[in-house]
Amino acid sequence: MRHLMSPLDFTVEELDKLLDLAGDIEANPQKYAHACAGKKLATLFYEPSTRTRLSHEAAMLNLGGSILGFSSAESSSATKGESVADTIRMISCYADICAMRHPKEGSALVAKEHASIPVINAGDGGHQHPTQTLTDLLTIRSLKGRLDHMKIGLCGDLKFGRTVHSLINALVRYPGIEFVLISPEELRLPSYIRRDVLDKNKIPYEEVVRLEDALPGLDLLYMTRVQKERFFNEEDYVRMKDFYILDSRKMELARPDMLVLHPLPRVNEISVEVDKDPRAAYFKQVQYGVYVRMALILTLLEIEV
Ligand code: CP
């Protein structure tokens with residue numbers, strides 16, 4: 001039985017196959033409309049979500065399956081002290097596959113150890129968000145035509161941003177990838193990722209503070225939100241939250257074919273005027289998230305169409 005804890009759970013070849021399947025689903029949705037008939041997906045969300053929960057649910061419904069679950073820890077027996085380990089044992093009796101989001105790093109691994117159904121890590125604290133990475137890879141491959149030979153700017157909260165951590169892990173496996181890490185000093189990419197992922201794989205990268213300095217050379221800009229929920233102190237969050245604001249004037253510095261991605265939700269870091277720029281791809285990214293989660297559910301349930 002397979003689970004998805006991190007993007008590295010799939011080899012590059014397996015990822016290519018998954019993205020090809022997502023592409024076929026996009027082109028031929030009717031072919032997959034009953035592929036999961038009789039199957040159930042449970043969504044266990046101990047932390048707020050709009051896209052990740054609803055796109056998993058939409059994916060299962062598009063495949064002809066059913067959904068059940070909870071959308072907050074408060075509406076589950078976690079409030080009575082039930083552990084993740086016990087909860088996942090219950091869920092294994094109710095559903096065929098589950099997606100879990102939890103504020104604690106490593107919680108998805110605990111779920112996996114106690115589950116008898118495939119577990120999808122839908123985000124564990126500041127650690128990993130692998131289905132967002134699958135979404136990002138499908139978006140990049142679909143819109144750029146490749147996943148290699150690109151200079152990628154990662155901007156914002158690189159310290160706590162699990163989407164960035166997962167994306168870096170996935171992209172370093174492709175040739176010719178370079179990163180520009182754009183963050184304030186306090187939100188730099190953790191040293192263990194710089195050392196164990198970037199340095200170990202000999203990936204060229206530079207760290208800059210000003211977005212304007214990075215923009216002209218990028219093939220892709222991945223913006224992220226400064227995450228209020230990860231700060232211990234409101235004052236630090238208020239100081240950091242509007243550090244980066246991508247607007248139309250800054251977009252003039254970028255190449256005509258540079259893509260802007262964002263895992264969303266956005267707060268102030270991308271001005272709404274950028275939405276109409278043809279390089280803004282973050283709402284297309286949301287649609288790709290459904291196709292790739294459909295492909296993931298089929299793959300983990302070992303259903304061939
Ligand atoms: N991108 C993402 O994880 O969004 P949600 O928090 O709304 O699920």
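The values are calculated or read from the model by the stated rules, or taken from the named source; none is laboratory data. Predicted model only: the values in this text are computed from it and were never measured. So basically every Cβ, Gly included, is an ideal-geometry build from the backbone, and we count neighbours across all protein chains shown. Heads up: the accessible areas ignore ligands, DNA and RNA and are worked out on the full protein's heavy atoms, side chains in. Shrake-Rupley method; radii C 1.70, N 1.55, O 1.52, S 1.80 Å.
Each Lys and Arg contributes +1 and each Asp and Glu -1, all at the Cβ; summed about the Cα centre of the chain, the dipole is approximately 300 debye.
Past the 19 Å Cα-Cα mark, which pairs from Lys104/Lys202; Lys159/Lys228; Lys104/Lys228? Check vs 19 Å cut-off fails for Lys104/Lys202. Placing a label point 7 Å from the Cα of Asp213 along the Cα-to-Cβ direction, no residue of the range 221-250 has its backbone N under 12 Å from that point. Using Cα pairs closer than 8 Å and at least 6 residues apart in sequence, work out the relative contact order for the chain, in percent. Relative CO of the chain lands at 20 percent. Taking all C-alpha pairs of the range 65-112, those more than 17 Å from each other amount to 30 percent. I'd like to know which of Pro190, Asn233, Pro216 lies farthest towards the positive end of the charge dipole of the range 188-240, counting +1 on Cβ of Lys and Arg and -1 on Cβ of Asp and Glu. Of the listed residues, the answer is Pro190. Ranking Phe70, Ala111, Phe179 by Cα position along the charge dipole of the range 44-185, where only Lys, Arg, Asp and Glu carry charges on their C-beta atoms, puts Phe179 farthest toward the positive end. Could you tell me how far the Cα centroid of the range 60-117 sits from the Cα centroid of the range 274-301, in Å? After rounding, the separation between the Cα centres reads 23 Å. Taking the chain as the reference, fit the longest principal axis to its C-alpha atoms, fit the long axis of helix 84-94 to the helix C-alpha atoms, and give the angle between the two in degrees, 0 to 90, nearest 10. With rounding to tens, the tilt is 50 degrees. Sites listed here are trypsin sites (Lys or Arg not before Pro) in the range 236-305 whose DSSP assignment is loop and whose Cβ has at most 14 other Cβ atoms within 10 Å, and the list is empty. Surface exposure of the chain, expressed per residue as accessible area with a 1.4 Å probe, stands at 44 Å². Counting Lys and Arg as +1 and Asp and Glu as -1, what is the net charge of the other residues whose Cβ lies under 14 Å from the Cβ of Cys36? That works out to 0. Simple point charges give the picture: +1 on the Cβ of Lys and Arg, -1 on the Cβ of Asp and Glu, and for the range 99-141 a dipole about the Cα centre of about 80 debye. Rounded is the label for the range 196-298. Its Cα gyration tensor axes, ordered a ≥ b ≥ c, give a/c under 1.5. FRET efficiency for the pair Met1 and Lys202, taken as 1/(1 + (r/R0)^6) with r the Cβ-Cβ distance and R0 = 30 Å, rounds to 0.30. Measuring nothing but protein heavy atoms, the accessible surface of the chain at 1.4 Å probe radius is 51 percent carbon and sulfur. Adding -39500 (n - 2.57) for every DSSP H run of four residues or longer, then dividing by how many residues the chain holds, sets the calculated 222 nm ellipticity at -10500 deg cm²/dmol. Computed over the range 141-187, the alpha-carbon pair-distance distribution with 10 angstrom bins reads 26, 52, 21, 2, each value a whole percent.
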